[in-house]
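Chemist: Before anything else, here's the structure in question.
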Amino acid sequence: MAARVITVAQQKGGAGKTTVTVHLALALAALGEKTAVIDIDPQGSLSHWFRLRQASLGPGKTGLVVTDVHGWRVSGEIDRLARECKYILVDSPPHAQTEAKAAIRAAHLVVIPVQASPLDLWATKPTVDIAKDAKVPVMLLLNRLPIKSPLQEEAERVLGEMGVPVAHARIGNRIGFATSMSEGRGIGELAPKSAGAREMRNLALEVVEMLAGHHHH
């Protein structure tokens, strides 16, 4: 079974990187695939979420494998998890440090969550460049979109000019993401019929398709 590595990267803080990583991992696991997450962000918020999850669901019942490693140990950890998991997500630290670069180079796909403001969009360029240099496909994900935002059209225009593939899935700015995470859960578990849960399922399906090589723009 060839494991697929998805690195979630973003230079700017506040783009919702960990929230996207957690929810994408849960949505992939819900498709019946064994899914792991590696937290290499020194803030460790994903690991904190996982501890809450273990406390709430019981250690063996979380539905995910979650580890945190740093520095040069990342590629060894990916190799180890690749023996048992289909999808491995890496929550990488902001700022293009060595660690983020290594995590991007190890990936089959880099997902870059970005808010729909020009400043945020411009800030993605270094991350996109690292991925381009490493010849790793990139998917920009419009995240935390205010509902019915005029910024969305503007963002899509700016992104079109940047020539970076943008996910068809759009993630709205929904309170359910934060409230579910504060309980060690995901929005799809607490509100399976919600718009946020649907958005994350759509993202997961799109990621699976892109990794299988059927994605055209």
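Chemist: Roughly speaking, to the nearest percent, how much of the chain's 1.4 Å accessible area is carbon and sulfur? Could the numbers behind the result be given before it?
Modeler: Working: 5550 of 10120 Å².
C and S atoms contribute 55 percent here.
Chemist: Kindly provide the GluC sites (Glu not before Pro) of the range 119-217 that DSSP labels as loop, not H, G, I, E or B, and whose Cβ sees at most 16 other Cβ atoms within 10 Å.
Modeler: On the way: sites: 153, 154, 156, 161, 183, 189, 199, 206, 209; in loops: 183.
Of the GluC sites (Glu not before Pro), the ones in loops of the range 119-217 whose Cβ has at most 16 other Cβ atoms within 10 Å are 183.
Chemist: Ignoring ligands, DNA and RNA, what accessible area per residue does the range 50-153 give at 1.4 Å, in Å²?
Modeler: Values: 5190 Å² over 104 residues.
Here the residues of the range 50-153 average 50 Å² of exposed surface.
Chemist: Divide, for the range 73-158, the radius of gyration over alpha carbons by 2.2 N^0.38 Å, where N is the residue count. Before the final figure, lay out each step's value.
Modeler: Working: Rg = 14.8 Å, N = 86, 2.2 N^0.38 = 12.0 Å.
Here the Cα radius of gyration is 1.24 times the empirical estimate.
Chemist: Which far-off residues, 5 or more places away or on another chain, put their amide H under 5 Å from the one on residue 116, with H placed in the peptide plane?
Modeler: 143
Chemist: Report the relative contact order of the range 72-217, percent, no decimals, based on alpha-carbon pairs under 8 angstrom and at least 6 residues apart.
Modeler: After rounding, I find 17 percent.
Chemist: Moving to a separate point now. For a quick check, take a GNM of the chain with Cα springs below 10 Å and name the residue from 19, 124, 179 with the largest mean-square fluctuation.
Modeler: 179
Chemist: Further question: Can you compute 3J(HN,Hα) from phi for each residue in the range 9-21, using the Karplus curve 6.51 cos²θ - 1.76 cosθ + 1.60 with θ = phi - 60°, rounded to whole Hz and x for Gly and Pro?
Modeler: Result, rounded to whole Hz: 9, 5, 4, 7, x, x, 8, x, 4, 5, 4, 5, 4.
Chemist: What trypsin sites (Lys or Arg not before Pro) does the range 1-102 have in DSSP loop regions with at most 11 other beta carbons within 10 Å? Please report the intermediate quantities before stating the final value.
Modeler: Working: sites: 4, 12, 17, 34, 51, 53, 61, 73, 80, 83, 86, 101; in loops: 12, 34, 83, 86.
Of the trypsin sites (Lys or Arg not before Pro), the ones in loops of the range 1-102 whose Cβ has at most 11 other Cβ atoms within 10 Å are 83.
Chemist: While we're looking at this one, here's another question. Please state, to two decimals, what the Cα-based radius of gyration of the range 2-130 comes to when divided by 2.2 N^0.38 Å (N = residues).
Modeler: Numbers: Rg = 14.1 Å, N = 129, 2.2 N^0.38 = 13.9 Å.
Taking the Cα Rg and dividing by 2.2 N^0.38 Å, one obtains 1.01.
Chemist: Something else about it: For the chain, what does -39500 (n - 2.57) per DSSP helix run (n ≥ 4), summed and divided by total residues, give at 222 nm, in deg cm²/dmol to the nearest 500? Don't skip to the answer; put the middle values down first.
Modeler: Details: 10 runs with 100 residues, N = 217.
It lands at -13500 deg cm²/dmol.
Chemist: Still on this structure: Run the simple label-point estimate for residue 97 and residue 54 please: 7 Å along Cα→C-beta, distance reported in nm.
Modeler: Distance between label points: 2.3 nm.
Chemist: To the nearest µm²/s, what D does Stokes-Einstein give for the chain at 25 °C and 0.890 mPa s, using the Kirkwood radius over alpha carbon pairs as Rh? Provide the component values of the computation, followed by the final result.
Modeler: Values: Rh = 17.1 Å.
Reported coefficient: 144 µm²/s.
Chemist: What is the extension gain from residue 133 to residue 2, computed as 0.36 nm multiplied by their sequence separation minus the C-alpha to C-alpha distance, in nm to one decimal? Write out the running numbers ahead of the final one.
Modeler: Numbers: separation 131, 0.36 × 131 = 47.16 nm, distance 2.34 nm.
Using 0.36 nm per residue and subtracting the Cα-Cα distance, I get 44.8 nm.
Chemist: Using only the Cα atoms of the range 98-217, what are the Rg and Dmax in Å?
Modeler: Rg then Dmax for the range 98-217, in Å: 14.9, 40.
Chemist: Test of understanding: in a Gaussian network model of the chain with alpha carbons linked when under 10 Å, which of 133, 39, 68 would top the mean-square fluctuation ranking?
Modeler: In the Gaussian network model the winner is 133.
Chemist: Which of the aspartates and glutamates could be linked to residue 193 by a straight reach, that is with a Cα gap under 20 Å, when you skip same-chain ones fewer than 8 residues away?
Modeler: 183, 206
Chemist: What percent antiparallel are the DSSP beta bridges of the chain, to the nearest 5? Walk me through the numbers on the way to the answer.
Modeler: Numbers: 0 of 24 bridges.
Of the beta bridges lying entirely in the chain, close to 0 percent run antiparallel.
Chemist: Plugging the Kirkwood radius over Cα pairs into Stokes-Einstein for the range 1-55, at a temperature of 10 °C and a viscosity of 1.306 mPa s, what D comes out in µm²/s? Please list the in-between numbers first.
Modeler: Details: Rh = 12.3 Å.
The estimated diffusion coefficient comes to 129 µm²/s.
The values are calculated or read from the model by the stated rules, or taken from the named source; none is laboratory data. This is a predicted model, so every value here is computed, not measured. Don't worry about glycine lacking a Cβ; one is built from the backbone with ideal geometry, like all the others, and counts go over all protein chains shown. Accessible surface areas use protein heavy atoms only, side chains included; no ligands, DNA or RNA. Shrake-Rupley method; radii C 1.70, N 1.55, O 1.52, S 1.80 Å.
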